[in-house]
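The structure appears right after this line, and notes come after that.
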Amino acid sequence: MAVRWVLKLGTPLAVRLFATQVNSACAFRTEVTHISRVPYPHLHLAMPKQLQLGEVRKTVRARVDVICSVHFGEGFRDKTSARILDLSLGGARINTRNMAATIGDDIKLTAQISVSGIERIVTVSAIVRSLTPGGGTEIQAGLQFTEMSDSDRITLHAFVLSNIHN
């Protein structure tokens, strides 16, 4: 049995949404002021009196697909390849197959990225904050960046900002 919601003029609503451009969750109360079925079904809502914003993350993340190398283990002597799936100034999520690291381990991440047609190699130090099994032998790791040079920070910032809407 399908439940059908009928909205009428004046119906109060609680609206919640994510505004990815400002990295926030938003919520407000409003009411239906107009209902139309032509040229397609849509509603008009009253301007909210108050808007609540909550930061989702400290920094905006961009979805990317960048190949990188990960150095881990004692003295960073072990190395594997990975794909960066999303990236921010504060951290990244990577997908890899052969990383024998645990939560709390220090790693080094190196990637070649392109900003406005200029190729740069960026190396950052990070701490493994989460490990999630992927499909088969794959592992997704959440990383928090701890150290990077000023030039790598500027390059990373430009790269993230240029990839936010992808």
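Output wanted: per-residue J couplings in Hz (rounded whole) for the stretch 80-93, from phi through Karplus 6.51 cos²θ - 1.76 cosθ + 1.60, θ = phi - 60°, x for Gly and Pro.
8, 9, 7, 10, 7, 9, 9, 8, 9, 5, x, x, 7, 10
Kindly write out, for the stretch 68-76 in residue order, the coupling ³J(HN,Hα) from the Karplus curve 6.51 cos²θ - 1.76 cosθ + 1.60 (θ = phi - 60°), rounded to whole Hz, with x marking Gly and Pro.
Per residue, the Karplus-derived 3J(HN,Hα) values read 9, 10, 10, 9, 8, x, 5, x, 6 Hz.
Take HIS42 and ASP86, extend 7 Å from each Cα along the Cα→Cβ direction, and tell me the distance between the two endpoints in nm.
Modelled inter-label distance: 2.9 nm.
Would you kindly state the longest site-free stretch of the chain, with sites defined as trypsin sites (Lys or Arg not before Pro) in a DSSP loop (not H, G, I, E, B) surrounded by at most 15 other Cβ atoms within 10 Å?
Longest site-free region, per DSSP loop and neighbour criteria: 98-166.
Only the coordinates and a few stated rules stand behind these numbers; no lab work does. Predicted, not measured: the structure shown is a model, and the values here were computed from it. Cβ atoms come from the backbone with ideal geometry, glycine included; neighbour counts cover every protein chain shown.
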